[in-house]
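Colleague: I have a structure here, written as structure tokens, and I will follow up with some questions on it.
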Amino acid sequence: MMARPLPERGVYIYMDDRNDRAAPIRSFVLRQGRFTPAQQRAFDLHWSRWGLDYTGTLRDLDRTFGRRAPRVLEIGFGNGEQLLHAAQAEPDRDFIGIEVHRPGVGRLLNGLADADVDNVRVYAHDAVDVLRDEFAAATLDEVRIFFPDPWHKKRHHKRRLIQPAFLALLATRVRDGGRLHLATDWAGYAEHMREALEGMPQWRVDARHADPSIRPPWRIETHFELRGRRLGHGVWDFVYERI
């Protein structure tokens, strides 16, 4: 088994290169990249406070955070700048981030330590496993997936994370009235997302954020996004409600 990632994208799908058929949905490939001493120290010093180890059993999030509050999951948080911003801007909510790219996780851990925020926990594991095994039904108030790998070649579209099966899994973990927010800077993937969501009876457009060309106020413009805009990319935000 091997995977073909694109740089600086936070969500990936495993593929079987022997026959180029999709394996069961996975949300990542391990790609270590450059792992600095500072990022390693972040794991050594800060994982015990902010990290969550995958156990394969249901997690008591009230106990994890020491309170009961709305819960937001960000899948594929990259270097964590959006997640750190959200935690500081929305202190009345608890945030869970999932990212397996260790340099990005290390960078976020250092940022959390510098800011001394306590409403974030982080997994360095496959998001599908975590959703399936560690979160009970209707546990989450919101899921955010920003700029997943677009797999832009047509023959690779089956590798995209946003597929009906994954959207159905998310729907079991988001409470009624909860929110799903997807963002992409790839026009073809934007259309794919729209079509997939419109085919799911569990999701409907949030009328308050119905125009995908308008960035919702809770999502900052990241370094990655700014670079894409300089290259002439559009950006689309899809905000849906769980029904």
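Colleague: So which residues in the stretch 141-154 are surrounded by 20 or more Cβ atoms within 10 Å (Cβ to Cβ) and more than 16 Å from the chain's Cα centre (by Cα)?
Modeller: Passing the criteria: only W151.
Colleague: Would you mind finding the one in E241, E221 that is closer than 28 Å to D94 by Cβ and in contact (Cβ under 8 Å) with a residue 60 or more places away in the chain?
Modeller: Criteria check complete, one pass: E241.
Colleague: Out of the helices (runs of 4 or more DSSP H) lying entirely within the stretch 63-180, which hold 1 or more residues that are closer than 29 Å to A210 by Cα?
Modeller: Hits in the stretch 63-180: 81-89, 127-134, 164-173.
Colleague: Okay, moving on. Of a type in the set (S, T, Y), within 23 Å of H85 (Cβ to Cβ) and either buried (at least 21 other Cβ atoms within 10 Å of the Cβ) or free of Cβ contacts under 8 Å to residues at least 24 places away in the same chain (or both) - does that describe any residue in the stretch 181-188?
Modeller: yes
Colleague: I need the full set of residues from the stretch 109-161 which are basic (K, R) and under 18 Å from W203 (Cβ atoms), in order please.
Modeller: R144, R160
Colleague: Identify all residues within the stretch 48-77 that are open to solvent by less than 70 Å² (accessible area, probe 1.4 Å) and closer than 20 Å to F166 by Cα; write none if there are none.
Modeller: Listed by number, the residues that qualify are G56, R71, V72, L73, E74, I75, G76, F77.
Colleague: Can you confirm whether A138 is modelled with pLDDT of 95 or more, under 19 Å from T64 (Cα atoms) and either surrounded by fewer than 19 Cβ atoms within 10 Å (Cβ to Cβ) or in contact with a Ser or Thr (Cβ under 7 Å, 6 or more places away or on another chain) (or both)?
Modeller: Yes.
Colleague: Please identify the pairs in which a residue from the stretch 42-70 that is in contact (Cβ under 8 Å) with a residue 24 or more places away in the chain and closer than 19 Å to D116 by Cβ has its Cβ atom under 9 Å from the Cβ atom of a residue that is of a type in the set (D, E) and open to solvent by less than 20 Å² (accessible area, probe 1.4 Å), counting only partners at least 6 apart or on another chain.
Modeller: L52/E134; T64/D94; F65/D94; R67/D94; A69/D94
Colleague: Spot the failing condition for G177; the list is (1) surrounded by 17 or more Cβ atoms within 10 Å (Cβ to Cβ); (2) out of contact with any Ser or Thr (no Cβ under 7 Å at 6 or more places or on another chain), and only one is missed.
Modeller: Of the numbered conditions (1) surrounded by 17 or more Cβ atoms within 10 Å (Cβ to Cβ); (2) out of contact with any Ser or Thr (no Cβ under 7 Å at 6 or more places or on another chain), the odd one out for G177 is (1).
The values are calculated or read from the model by the stated rules, or taken from the named source; none is laboratory data. This structure is a prediction, so every number in the text was calculated from the model and none was measured. In this analysis, Cβ positions are derived from the backbone assuming ideal geometry, glycine residues included, and neighbour counts consider all displayed protein chains. Calculation scope for accessible area: heavy atoms of the full protein, side chains included, ligands and nucleic acids excluded. Shrake-Rupley method; radii C 1.70, N 1.55, O 1.52, S 1.80 Å.
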